[in-house]
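*Asks:* This is the structure, below, for whatever I ask next.
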Amino acid sequence: MTRANRPSTGAFIRLFNDIAGHRHRYEVFRDFVTLAAISMHNAVSPNERLEAEYLALIGRYPKEDAQAFPKLLAELVHLLDVEPYDALGQLYMTLELGSSHTGQFFTPPELSELMARLAYGDVLSKLDKPFVTVQEPACGAGGMILAFAKEMISAGHNPAERMWAHCQDVDRTAALMCYLQLSLWNIPAVVVVGNTLMLEAREAVSYTHLRAHETVLD
């Protein structure tokens, strides 16, 4: 599917702008990602520390804004419904958050998909293993993992059954973006917040796949 044929981001952006009218835009985006990721995690594997973080975050917003966050998540589900791609990373760039906060930028899905196709297309078309393992030490929002999953689907394989990914990023928000998007596509993965080069895992190691979803490190 081409970029032009993907669902429109207009509804997400309008909802986001309504919430961010009197707040720092990066803060609202970060809080949305955090709230959505915690909701998804705790629906399957309740964690009291994460629940306390959720309540503290949502408590900062007036009732009308707090009720808009689930609608943002519904719009994200809609954006990801057709195919796996880095919808959150592209929203981050469209909302011009990359230049206004940390200088972080996300690779366009088309480039990630091209790289996955060139690197793994032939391999996946002749796949003779029960599953493949993918490691992404600086995963960002999970764009390369999602592109790999799309390539698997194109080759006739189900990523939920034949793929396992290990993802890590030093930036917590980016890691939660990755966790959220891989979870919505039920792609088996472990997502770690920490510095790969320093062999650091400073926060929970969370599994995205519903059949193995748990926290193994607090």
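Values in this text are rule-based calculations from the coordinates and carry no lab data. Quantities reported herein were computed from a predicted structural model and do not represent experimental measurements. Every residue, glycine among them, receives a Cβ derived from its backbone with ideal geometry; neighbour counts consider all protein chains shown.
*Asks:* Under 16 Å from the Cα of Lys71, which aspartates and glutamates turn up, not counting those fewer than eight places away in the same chain?
*Replies:* Cα-Cα hits under 16 Å: Asp18, Asp31, Asp81.
*Asks:* Hey, another quick one. Treat every Asp and Glu Cβ in the range 1-124 as -1 and every Lys and Arg Cβ as +1, leave all other atoms uncharged, and give the resulting dipole magnitude about the Cα centre to the nearest 20 debye.
*Replies:* On the way: 11 positive and 16 negative charges, 50 e Å.
Computed charge dipole of the range 1-124: roughly 240 debye.
*Asks:* A follow-up question, please. Filter the DSSP H helices in the chain by two things, a Kyte-Doolittle mean of at least -0.5 and an axial alpha-carbon span of 20 angstrom or more, and list the hits by number. Can you show the working numbers first?
*Replies:* Values: long enough: 25-44 (29 Å, 0.42); 63-80 (27 Å, 0.27); 109-125 (21 Å, 0.29).
Correct list, ordered by number: 25-44, 63-80, 109-125.
*Asks:* Sticking with this structure for a sec: Rounded, prolate or oblate for the range 1-77? Axes are the square roots of the Cα gyration tensor eigenvalues, ordered a ≥ b ≥ c, and the cut-off for rounded is a/c under 1.5.
*Replies:* Numbers: a/c = 2.54, a/b = 1.35, b/c = 1.88.
Since a/c reaches 1.5 but b/c is at least a/b, the shape of the range 1-77 is classed as oblate.
*Asks:* Work from the charge dipole of the chain (Cβ charges, +1 for Lys and Arg, -1 for Asp and Glu, about the Cα centre) and give the residue of Ser45, Gln104, His157 farthest towards its positive end.
*Replies:* His157
*Asks:* For the chain, what does the helix formula give at 222 nm: sum of -39500 (n - 2.57) over DSSP H segments with n ≥ 4, over the residue count, nearest 500 deg cm²/dmol? Present the calculation step by step, with values, prior to reporting the outcome.
*Replies:* Values: 9 runs with 113 residues, N = 218.
About -16500 deg cm²/dmol.
*Asks:* Nearest-5 percent of antiparallel DSSP beta bridges in the chain? Working shown, then result.
*Replies:* Numbers: 3 of 13 bridges.
Bridges in the chain that DSSP calls antiparallel: roughly 25 percent.
*Asks:* Continuing with this model, one more query. Using packing as a proxy for protection, rank 63-70, 171-178, 12-19 so that the peptide with the highest average count of other Cβ atoms within 10 Å comes first. It would help to have the intermediate numbers written out before the result.
*Replies:* Details: 63-70: 13.9, 171-178: 24.4, 12-19: 17.1.
The peptides rank, most packed first, as 171-178, 12-19, 63-70.
*Asks:* Okay, next question. Amide H of Val132: which non-local residues (sequence gap of 5 or more, or other chain) have their own amide H closer than 5 Å, using H built in the peptide plane?
*Replies:* Met163, Trp164
*Asks:* While we're here: Between (i) 55; (ii) 12; (iii) 15, which matches percent of Cα pairs over 33 Å apart calculated for the structure shown?
*Replies:* (ii)
*Asks:* Assuming 0.36 nm per residue, please report the length gained on full extension of the stretch Glu51 to Asp18 beyond their Cα-Cα distance.
*Replies:* Gain on extension, Glu51 to Asp18, equals 9.3 nm.
*Asks:* Give the cross-link partners of Lys126 among the lysines, using a straight C-alpha distance below 25 Å as the criterion and excluding same-chain residues fewer than 8 apart.
*Replies:* Within reach: Lys150.
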